[in-house]
Amino acid sequence: MLINKIIQTGLKQLGKPYVFNAPSFQTKFFDCSSFMQYIFTVNGVPLPRNSRQQFLAGKSIPFHKIKKGDLLFFTTQSRKFKRGLEKIGHVALYLGHGQILHTFPKGKMVKISKLNSYWKKMLVGAKRIY
């Protein structure tokens, strides 16, 4: 199944460092959107480079219907008062069972996190890409 291949590609990158504005299609380090772009595109599902462009792809999914493989888009402290696409500052892959795969400055690396109350509060939307 395609989404399992995408997840496996992502899990192989666990522990790789976070670097803001990381270049596309290399695996030494990632930012959140270059990570999503890489794991989807190498599996035949092209994604744009940044999280705001990625939010325009796929089909919107209500939060109560998210499933493994959906992209979750979040605002950040510095973007939470912006409007529209400018509000989006982070993207993660939903793994199911309340877990997300992503990389971000505070985590400093590709990691699995709980989709806890903080992340739920920052959620802007969800998309099914595949």
Next on the checklist: For the range 62-106: of the residues being in contact (Cβ under 8 Å) with a residue 40 or more places away in the chain, in a loop (DSSP other than H, G, I, E, B) and farther than 18 Å from Asn4 by Cα, which is least open to solvent (accessible area, probe 1.4 Å)?
Outcome noted: Thr75
Checklist entry - Scanning for something open to solvent by less than 30 Å² (accessible area, probe 1.4 Å), in contact with a Lys or Arg (Cβ under 7 Å, 6 or more places away or on another chain), touching a residue at least 60 places away in the same chain (Cβ under 8 Å) and farther than 23 Å from Leu14 by Cα, does the range 51-61 turn up at least one residue? => result yes
Item to check | Boolean, Lys114 is open to solvent by less than 80 Å² (accessible area, probe 1.4 Å) and basic (Lys, Arg) | outcome: no
Checklist entry - Would you pick out the residues in the range 1-58 that are outside any loop (DSSP other than H, G, I, E, B) and among the hydroxyl-bearing types (Ser, Thr, Tyr)? => result Thr9, Tyr18, Ser33, Ser34, Tyr38, Thr41, Ser51
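The values are calculated or read from the model by the stated rules, or taken from the named source; none is laboratory data. Just so you know, these numbers come straight off a predicted model, no measurement behind them. All Cβ positions, even for glycine, are placed from backbone atoms using ideal geometry, and neighbour counts span all protein chains on display. What goes into the accessible areas is simple: the full protein's heavy atoms, side chains included, and nothing from ligands, DNA or RNA. Shrake-Rupley method; radii C 1.70, N 1.55, O 1.52, S 1.80 Å.
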